[in-house]
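Quick notes on the structure that follows.
Computed from the coordinates by the stated procedures, all read-outs in this text should not be read as laboratory data. Since we're looking at a predicted model, the values are computed, not measured. Every residue, glycine as well, gets a Cβ built from its backbone with ideal geometry; the counts of neighbours run over all protein chains shown.
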Amino acid sequence: MLLGRGRISGILYRDLFTSRRLLESGDFENSIVASERFIERANAKPRLRKVGLWKGGIYTRDAIAMATNNIGAAYLELGELELAERALHEALEMDPEYPLPHWNLAMVAHLLCYDMKTEEHLRIGRDLGFANATSDHLIRRAASVLARIEGRREASE
């Protein structure tokens with residue numbers, strides 16, 4: 001039986017796709033688990049690291065960098081800014097040309113009131129081709145993240 005490229009990619013990168021889906025649906029803890037599972041599998045099978053069979057690598061061809069950025073984004077959403085920053089810097093170590101970690105680092109910097117770092121990461125993200133990297137968009141997104149973080153803290157008290 002022959003499998004199409006999309007089906008093969010879906011099988012090989014299932015945990016990476018799952019982590020992104022969970023991140024987008026707000027299931028941040030399970031997104032981290034799926035990303036970590038993918039990274040472990042990709043480290044055991046290095047051919048998985050370089051994205052070539054599917055177009056998901058629009059900003060990077062390094063699948064582990066994608067998963068690591070997903071981890072950073074999930075920690076950001078959970079309000080774990082130090083863990084988010086660490087993961088996002090790891091993603092940039094893997095692929096310095098990857099703009100999405102810069103966008104997420106701009107969010108972290110904005111939430112920590114580091115205006116110069118915010119603008120620096122936005123500029124780098126734009127220079128690397130990330131079109132959503134505008135100050136207005138970031139401020140609206142950061143307000144949403146902060147409301148979610150604070151809402152979870154209030155509910156747990």
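Structure above, values below:
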{"item": "Sum of side-chain charges, HIS89 neighbourhood, beta-carbon under 13 Å (Lys, Arg +1; Asp, Glu -1)", "result": "-3"}
{"item": "Added length on full extension, which subtracts the Cα-Cα distance from 0.36 nm per residue, GLU82 to PHE17", "result": "20.9 nm"}
{"item": "Order by protection proxy (mean Cβ within 10 Å, highest first), peptides 74-84, 122-132", "result": "74-84, 122-132"}
{"item": "Label point distance in nm, TYR114-LYS45, each placed 7 Å from Cα along Cα→Cβ", "result": "3.7"}
